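Worksheet for the structure shown next.
The values are calculated or read from the model by the stated rules, or taken from the named source; none is laboratory data. Given the structure is predicted, the values throughout are model-derived calculations rather than measurements. Quick reminder, even Gly has a Cβ in these numbers, built from the backbone with ideal geometry, and neighbours come from all protein chains shown. With ligands, DNA and RNA removed, areas are computed over all heavy atoms of the protein, side chains included. Shrake-Rupley method; radii C 1.70, N 1.55, O 1.52, S 1.80 Å.
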Amino acid sequence: MTATLETPNIMKTNYLSAPVTALNPSPVTIAAWDSRSPAISQKETKRTKVRGVGFAFVLAALLGSCVTTELRAQVVVVPNAQATVDGNGSATSTAGPASVRWLQIHDASQFGALSGPSFLTKFAYRPDRILGQSGPRSWTLRIYASTTSRSVAGLSTTFAENLGTNNTLVFDGTVNVTTANLPGPGNTRQFDYVFAFTTPFLYDPAAGNLVLDLQIAANGEAVTFDTVSAGDPAIGRVFSFGFSTATTGIIQDSHVT
């Protein structure tokens, strides 16, 4: 959800309150700093998750605001409605080697808590409350972030057509994906599939929707994510299985790498 800018040391607490050091997986949490001062199973019912064809990961993003010398971190969960509520789907990756490209678009309305343009410094997914596989799984990946005029409902199956003119490589490396499966607020789990940026991305919700483009080569054990089913207006996804640099994909397909 940082070339020369460093994020502050943040102590871990509930991701809905102020300081945060780690984020919980699926929905996504995204973190940023205010620039003015920086083979898948899905839940379809409340009690049981069943198979489905479309989903998007719940995300938490770490954002922050900087006023004079004070840095304040802020976490945003997308979709906002899932902050303390488990998503209605789940997705489990394959085991062993796999390559994939997926692009998620996050509606700007989900970032209403921000006071203005903010630097996105990391994001995280969370595991599903009904834990399937917990890894570890190694992702060698590139993450690009951009601001787009495309809407969640208007995604193109051509990846490049969804990217903004400010498309920025924010991470190029390897992340070990695994979960401690710790409780979060409500009936959720903590966002602990964490992806920290090496280059912070300046995101202004007034300029458009946020796009995160992940190009992944993975290996290891399978991992399970919390998801929301296709059709959620807050978040959308284009996916291609088999090639991390694929040029086209399927909108909200059900594979995870």
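Rundown of residues vs (1) touching a helix residue (DSSP H, G or I) at 6+ places or on another chain (Cβ under 6 Å); (2) of a type outside the set (Gly, Ala, Ser); (3) modelled with pLDDT of 90 or more, yes/no style:
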| residue | (1), (2), (3) |
| --- | --- |
| THR188 | no, yes, yes |
| ALA196 | no, no, yes |
| ALA206 | no, no, yes |
| THR224 | no, yes, yes |
| ASP232 | no, yes, no |
| SER244 | no, no, yes |
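Scanning the stretch 202-236 for residues that are open to solvent by 10 Å² or more (accessible area, probe 1.4 Å) and over 22 Å from THR179 (Cβ atoms) returns LEU202, ASP204, PRO205, ALA206, ALA207, GLY208, ASN209, GLN215, ALA230, GLY231, ASP232, PRO233. Tell me, which residue of the stretch 115-139 that is more than 15 Å from ALA83 (Cβ to Cβ) and aliphatic (A, V, I, L, M) is least open to solvent (accessible area, probe 1.4 Å)? This residue is LEU120. Within the stretch 179-201, count every residue that is surrounded by fewer than 19 Cβ atoms within 10 Å (Cβ to Cβ) and not small (Gly, Ala, Ser). Going through the stretch 179-201 one residue at a time, the tally reaches 7. The condition (being touching a Gly at 6+ places or on another chain (Cβ under 7 Å) and closer than 22 Å to VAL228 by Cα) is satisfied by just one residue among ALA108, ALA153, ALA113: ALA108. Taken as a whole, the condition of being among the polar types (S, T, N, Q), open to solvent by 20 Å² or more (accessible area, probe 1.4 Å) and over 21 Å from LEU202 (Cβ atoms) applies to ASN176. Note on the stretch 88-111: residues that are at pLDDT 90 or above and not aliphatic (A, V, I, L, M) amount to 11. Looking at LEU202, LEU210, just one residue is part of a strand (DSSP E or B) and in contact with a His (Cβ under 6 Å, 6 or more places away or on another chain), and that residue is LEU210.
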